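Read through the structure below, which is laid out as structure tokens, and then see the notes.
Each value in this text was obtained by applying a stated rule to the coordinates, not by laboratory testing. Just so it is clear, the model here is predicted, and its values are computed rather than measured. Cβ coordinates were reconstructed from backbone atoms using ideal geometry, including for glycine residues, and neighbour counts include every protein chain displayed.
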Amino acid sequence: MDLLAQAGAGLNFWNAPSGSAELIIKIVLALVLSGAFFFGLIAAPANLRRPIVGVFTFLAGLFYVTYWLWPSAIARDPGQAPLNPVEGVAFWLEDALPQVANFSNILTAFLLGLGVYSVARIHVGKLVKRQRDWEFSLVLIASMLLMILFGYWNWFNRHSPTGGLLEDPANWHFQQFASDMLFDGLLQQMDAAMFSMIAFYILSAAYRAFRIRSVEATILLAAALIVMLSLMGAVAYKWGNNSFIQTHPNLSLEAIAGWLSDNVQTPSIRGIDFGVGIGSLAMGLRIWLNLERQEAS
Amino acid sequence: MATPDSSIGAKLQSLPRTLLYLILLLATSLPLIYGELAGGVSVPNQPLGAAVDFYAALMKIPPGKTVLLETDWTNSTRGENGGEFDAILRILMARGIKFAVFSTADPQAPQVAMDDIATINALRVQKGQKAYVRWTDWVNLGYFPNSEGTLNALAGNLATAFNGKKDVKPGGGLVDVFESPVLKGYTKLTDIPAVILVTASATSTVMIERLSGKVPLDFMVTGVMGPETQVYYSSKQLEGLVIGLKGVYDLETLMKQGLNGQGPDAVPSQKYAGLDVPPVNDNLGTGKGSAYYPTLHFALALLILAVIVGNVGMLLTRKRTAQ
């Protein structure tokens with residue numbers, strides 16, 4: 001258990017110097033052990049698999065639940081020994097936290113890898129079998145391979161001892177230009193273009209659907225109108241630039257919009273947040289204690 | 001066979017979609033083009049309290065200190081987050097505040113941030129100012145896939161949360177970030193004067209859950225996220241809050257005019273009465289907030305007009321049917 005709590009900044013059991021043989025051996029060992037566990041889990045009988053997953057889920061959750069509930073150490077000095085067992089556990093939890101966070105980051109990164117594997121498996125299959133719309137799969141696979149190739153090529157260059165020179169585009173080579181063109185020139189621009197289309201849908205939907213058919217709809221429309229007008233600085237300025245509003249500042253557009261925000265919108269969202277929070281807690285407990293699965297089975 | 005309704009009410013309710021799209025295209029692009037040709041359009045503005053608090057909080061950070069800058073946006077929201085990130089970079093660079101960039105939301109985010117830093121740096125060099133140097137003035141901590149775990153670790157200990165992270169040292173390859181002038185000597189989260197989050201995702205909620213009360217937090221979010229984030233500003237869990245394009249314009253107004261200053265354009269603030277928060281005169285020209293704000297006016301005006309036209313059409317049709 002002490003291995004988990006080796007939290008001192010610098011080298012410890014869980015890492016090794018960058019590029020060293022020790023680091024490569026550790027990575028390979030971790031991959032072999034994880035792979036063995038993964039395939040062992042697949043090969044295990046179904047009635048055994050469920051309790052194994054349940055135990056791991058419980059242990060993973062137990063750390064954070066204990067960390068959250070256990071009294072934490074206050075004003076701990078470096079190298080200080082715990083005064084009693086309660087403080088000892090608090091110290092251990094505190095020291096182990098960064099390693100557990102690293103585990104969770106690595107596991108989440110594997111989820112990204114799983115996504116890439118899934119996309120590649122589906123589209124390569126489609127391509128090989130020449131299924132319908134295989135041309136789109138070809139574009140997707142080619143784009144992914146190009147991005148990986150030039151992305152990593154550029155990454156290795158930038159992390160080499162002379163990588164700092166690449167901060168200046170005058171020192172760029174073909175791979176930097178290619179990576180820049182793929183990421184900034186294409187991907188990011190398409191990202192922005194796709195998102196900007198929402199404006200057209202919002203306008204069309206507001207025009208067709210926003211009708212004052214009831215009292216509730218009228219109140220909603222009036223509130224939306226005030227908030228939208230308050231966001232238009234020129235309109236808000238014109239509205240407030242007269243003696244009446246200046247002597248009655250609570251009637252300025254900003255003040256009315258602020259009142260709506262503070263007294264109507266914020267309490268409503270707080271209420272929703274409480275509901276969502278309680279629901280999340282209940283769902284978290286069901287997953288953590290493996291109750292969901294038992295009920296489903 | 002029923003004949004199609006050709007009354008004014010029916011016509012007002014069934015404007016062709018293509019026409020609406022064309023009007024929107026013109027309403028959003030013409031102000032941009034005009035603004036570009038005219039060298040910027042000045043719109044009168046009264047910054048909101050949340051943006052004033054954000055600016056005042058940033059201006060009290062001592063030069064030379066390091067802030068953590070979590071950047072969780074990509075170009076899909078650059079209209080808002082891009083302007084926010086530019087504004088925060090300009091303030092930090094003008095005041096000589098160092099920063100460490102990281103992301104917990106999107107693998108693309110650190111690269112988008114680095115591109116933005118390069119753009120602002122190029123502008124600074126073009127205007128004869130000192131470039132903000134990677135490693136010396138700022139570092140890139142990279143992408144952390146698990147937001148909850150990372151921010152939880154950060155709440156516990158800054159040095160161990162980022163243990164082993166390396167960045168490019170000019171001429172030195174990859175070196176531990178805690179050896180850089182940006183993070184050297186920083187061990188606890190409380191050593192950091194502020195954590196600033198520029199986001200288009202729910203990492204704002206995660207940050208509140210994990211870091212609230214442990215370090216001053218300042219958020220810059222999209223307009224859509226405004227209402228949900230306002231809750232945390234109202235409950236004083238955030239020092240300051242910049243919401244959407246209006247927030248960017250507020251910040252740029254404050255950068256230009258300062259708070260409670262002597263000039264005729266200075267923004268007055270009763271909350272900071274007696275405290276003169278100076279402007280940030282970085283001379284880098286118009287920001288994205290000033291460039292896009294007129295467009296927001298036209299887009300919102302068009303939206304309001306479209307709703308009015310639809311409702312007038314509905315009322316006219318009802319009246320006709322009743323007759």
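Summary of values
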item: Cα-based Kirkwood hydrodynamic radius, chain A, one decimal, Å; result: 26.9
item: Cross-link pairs beyond the 32 Å C-alpha cut-off, checked among A:126/B:166; B:60/B:169; B:169/B:256; B:65/B:271; result: A:126/B:166; B:169/B:256
item: Dimensions in Å of segment B:1-111 - Rg and Dmax from alpha carbons; result: 22.5, 79
item: Gyration tensor (Cα) of segment A:132-209, equivalent ellipsoid semi-axes in angstrom; result: 35, 19, 8
item: Nonlocal amide H pairs with residue B:173, under 5 Å, H built at 1.01 Å; result: A:163, A:164
item: For segment B:23-35, 3J(HN,Hα) per residue [Karplus equation, 6.51 cos²θ - 1.76 cosθ + 1.60, θ = phi - 60°, Hz, x = Gly/Pro]; result: 4, 4, 4, 5, 5, 8, 8, 4, x, 5, 5, 4, x
item: Alpha carbon convex hull of the protein assembly as shown, volume per residue in cubic angstrom; result: 239
item: Entries in B:98/B:165; B:184/B:214; A:26/B:184 that, when Cα-Cα distance is taken, lie over 27 Å; result: A:26/B:184
item: Ranked by how many other beta carbons lie within 10 Å on average, peptides A:215-228, B:71-84 from highest; result: B:71-84, A:215-228
item: For segment A:211-297, convex hull of alpha carbons as volume per residue, Å³; result: 154
item: Number of partner chain Cβ atoms within 10 Å, mean per residue of A:227-240; result: 6
item: Calculated from backbone phi, Karplus (6.51, -1.76, 1.60) coupling profile of segment B:58-73 in Hz, x at Gly/Pro; result: 5, 6, 8, 6, x, x, x, 6, 10, 10, 8, 10, 8, 10, 10, 9
item: Within 10 Å of each Cβ in A:211-217, the average number of Cβ atoms from other chains; result: 2
item: For residue B:240, residues with placed amide H under 5 Å, excluding near neighbours; result: B:219
item: Peptide-level mean, for B:78-89, of C-beta atoms on other protein chains within 10 Å; result: 1
item: With 20 Å bins from 0: P(r) over chain B, alpha-carbon pairs, percent; result: 29, 50, 17, 4, 0
item: Per residue Cα convex hull volume in Å³ - calculated over segment B:87-173; result: 114
item: Scattering curve values for segment A:76-180, log₁₀ I(q)/I(0), Debye with Cα scatterers, q = 0.14, 0.16, 0.21 Å⁻¹; result: -0.81, -0.88, -1.06
item: Nearest-20 debye value, segment A:211-297 charge dipole, Cβ charges on Lys, Arg, Asp, Glu; result: 200
item: Phi to ³J(HN,Hα) by Karplus 6.51 cos²θ - 1.76 cosθ + 1.60 over segment A:130-144, Hz, x for Gly, Pro; result: 6, 6, 4, 6, 5, 4, 5, 5, 4, 4, 5, 5, 5, 4, 5
item: For segment B:147-295, alpha-carbon Rg relative to the globular expectation (2.2 N^0.38 Å, N residues); result: 1.24
